[in-house]
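Have a look at the structure below, then the notes.
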Amino acid sequence: MKKKLSILTFFTVLFIYHVVHASKSDQLKVYNFEEFEHWLHKETDSIYVINFWATWCAPCVKEIPYFEKLYENYKDQKVKVLFVSLDFPAQIESRVIPFIERMNMQAQVILLDDTRANRWIPRVDEEWTGAIPATLVYNSSYRKFYQREFDYEELKEIITPLLN
Amino acid sequence: MKKLGILLSAMLFAVATIAQGYQVGDKVEDFRLKNVDGSYVSMADFPDANGFIIIFSCNHCPFVVAYEDRMIELHKKFAPQGFPVIAINPNDTIAEPRDSFSNMKIRAREKGFPFPYVIDANQTVYPRFGATHTPHVFLVKRDGRDLRVAYIGAIDDNHRDASAVEERFLANAISAVQRGQSPDPAVTRAIGCTIKTRN
């Protein structure tokens, strides 16, 4: 009886571990540029705010709460915030997911894993030299790329006229 | 009236372009920056150089760290051919203490940098070049008595894995310059850490 119970416990623990582990990987989808590119050209009535960042980029980390606040305040008004992490894929489990959890990031986060940056950077925007943070804001009638940092008020100023 | 608008926008665009720093072909002004060994380094100190591999670099950026060994290899290969590496840390050391001068000395010693690793302490050199991130490379070539930008951008096309590199942008650019040709591509792009300034 005792032995059976311990075997059962063992498999239960194994099962829970797998569920937790699987859900952790699900938290962060990894795409190459071809798979990601459609995010840059959505033809809907939403406003897209796409922020390129990495956990090791201090100014990126600093502005994350402002993008989160934007997401929180405008999610009912068709504003889509997407965080595109440029972290190294080898650090997803050890660094990126713990960071997302610690910051309690609610807007969608994906990881762009594509080393051929010289090919895809100009396809995001011709003006982008590759420095992060960088943010693309667009809707059906507006498109602007910003290679700079933001605070919340600055983001709000960009979004507000696009809401009408 | 419309024509005036177009003219004005063209002028504004031109000004914006100039403000971004050197373009390929532009004449490069010399600098005098403090090296980790305490000396001051200028391009004029290398009268025999055919050019320079100027790399805006730092200590803390993971993309720089990924390239440090390749920077050393580049210097070892191309310095004897007249193209030494000069690494310049453009970051404000209060905004990013990990890039302080004392940490630069430590990093240079740890890695055994065979090239000068200098600091743009007043942050006057990187805006002239129009560097925006680290690592950001400017290949400079000698043109008579002048020095001119020949190539701007990345070292190669794979920051993560030196063995998976397909295109050696910088090495190809140097070869082109050595053959008297214009590098193609003359500008490439790579992800990097933005240059840190004090707000």
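So the values come out like this:
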quantity	calculated
Solvent exposure of the stretch B:24-194 as accessible area per residue, Å², 1.4 Å probe	42 Å²
Shielding by other protein chains, B:146-157, mean Cβ within 10 Å	1
Accessible area (Å², 1.4 Å probe, nearest 10) - residue B:133	0 Å²
Label point distance in nm, residue B:122-residue A:62, each placed 7 Å from Cα along Cα→Cβ	2.4 nm
Residue pairs, from the table A:69/A:144; B:105/B:141; A:29/A:62; A:62/A:144, whose Cα atoms sit over 26 Å apart	B:105/B:141
Local electrostatic count, residue B:70, Cβ distance below 14 Å [Lys/Arg +1, Asp/Glu -1]	-2
Residue mean of other protein chain beta carbons inside 10 Å, B:130-138	2
Trypsin sites (Lys or Arg not before Pro), loop per DSSP, at most 11 other Cβ atoms within 10 Å - longest free stretch of chain B	B:1-144
Which of B:106, B:90, B:54, positive extreme of dipole for chain B (C-beta unit charges)	B:90
Heavy-atom accessible surface of the stretch A:28-163: percent carbon and sulfur, 1.4 Å	46 percent
Average other protein chain Cβ within 10 Å of Cβ, residues A:88-99	1
Local net charge near residue B:39, Cβ-Cβ under 15 Å (Lys/Arg +1, Asp/Glu -1)	+1
Potential lengthening between residue A:73 and residue A:35 on full extension [0.36 nm per residue; Cα-Cα distance subtracted]	10.8 nm
Using alpha carbons only: equivalent-ellipsoid semi-axes of the stretch B:24-194, gyration tensor based, whole Å	23, 19, 15
FRET E, pair residue A:160, residue B:81, Förster distance 51 Å, beta-carbon r, rounded to 0.05	0.35
Estimated FRET transfer efficiency when R0 is 30 angstrom, pair residue A:42-residue A:106 (beta carbons, to 0.05)	0.90
In the B-A interface, the accessible area buried, summed over both sides, Å² (probe 1.4 Å)	2100 Å²
Charge dipole of the protein assembly as shown about the Cα centre (unit charges at C-beta), most positive-ward option of A:36, A:97, A:46	A:97
For the stretch A:28-163, share of DSSP beta bridges that run antiparallel, in % to the nearest 5	40 percent
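The values are calculated or read from the model by the stated rules, or taken from the named source; none is laboratory data. What you see is a predicted model; the values in this text were computed from it and never measured. All Cβ positions, even for glycine, are placed from backbone atoms using ideal geometry, and neighbour counts span all protein chains on display. Only protein heavy atoms, including side chains, enter the accessible area calculation; ligands, DNA and RNA are left aside. Shrake-Rupley method; radii C 1.70, N 1.55, O 1.52, S 1.80 Å.
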